[in-house]
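Worksheet: one structure, shown below.
FYI, it's all coordinate maths here, none of it is from the lab. This is a predicted model, so every value here is computed, not measured. Cβ coordinates were reconstructed from backbone atoms using ideal geometry, including for glycine residues, and neighbour counts include every protein chain displayed.
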Amino acid sequence: MKIQINTGKNLSVHEEYGNELEASLSENLSRFSEHITRLEVHLSDENGNKESEDDKKCLIEARMEGRQPIAVSATGNTYDQAVNSATGKLKASLDTIIGKLRNH
C-alpha cells in the first residue's frame, strides 16, 4: 500500500511528521492492505492563518484494485484529530465494502 501525502497551499508537512503519519496509517489500516493499492491523504487548513475551531481538514482517498476510489473527510482542532477521525470513517467504509464482497 503506497501512501501519498498532499497539503494545501498554506501548509507544509515536515518530513518527521509525514513519516509518523504514514506509519500510523499503515498500522491502522494494515488489515486492509491486501485490498488497498494507494492512499492519498490531503491535509488543509480551512481558514488559512486565522484561528477557529475544527478548521483542520483531512481527506483520505483509498484506491482499491478493480473498484472505484473511496473518499472520506473529517475536520478537527488539530491535524492529528482530523486524521484520526477520517481514518475511523475509512475503516468503517472498508469494513462494509469488503464484507459485502466476501458475502457475494
Cut-off under 5 Å, modelled amide H: who pairs with T7 long-range: L43
Residues whose placed amide H lies under 5 Å from that of R38, excluding near-sequence neighbours: K2, R63
Relative contact order [Cα under 8 Å, 6+ residues apart], the chain, whole percent: 23
Approximate spin-label separation S73-S33, in nm, with each point projected 7 Å along Cα-to-Cβ: 3.0
Loop-located GluC sites (Glu not before Pro) in the range 48-104, at most 16 other Cβ atoms within 10 Å (DSSP): E51, E53, E65
Size of electric dipole in the chain: Cβ of Lys, Arg +1 and of Asp, Glu -1, about Cα centre, debye, nearest 20: 640
In degrees, nearest ten, helix 15-28 long axis to first principal axis of the chain (Cα): 30
Cα Rg, Dmax, the chain, angstrom units: 14.2, 49
Estimated 222 nm signal from helices in the chain, with DSSP H stretches of n ≥ 4 weighted -39500 (n - 2.57), rounded to 500: -13000 deg cm²/dmol
Karplus (6.51, -1.76, 1.60) ³J(HN,Hα), θ = phi - 60°, over the range 56-62, in Hz, Gly and Pro reported as x: 8, 10, 10, 10, 10, 10, 9
Count, lysine Cα pairs under 26 Å in the chain, 8 or more residues apart or across chains: 15
Vicinal HN-Hα couplings computed from phi for the range 84-93 (Karplus, 6.51 cos²θ - 1.76 cosθ + 1.60; Hz; Gly/Pro x): 4, 5, 5, 4, x, 5, 5, 4, 5, 5
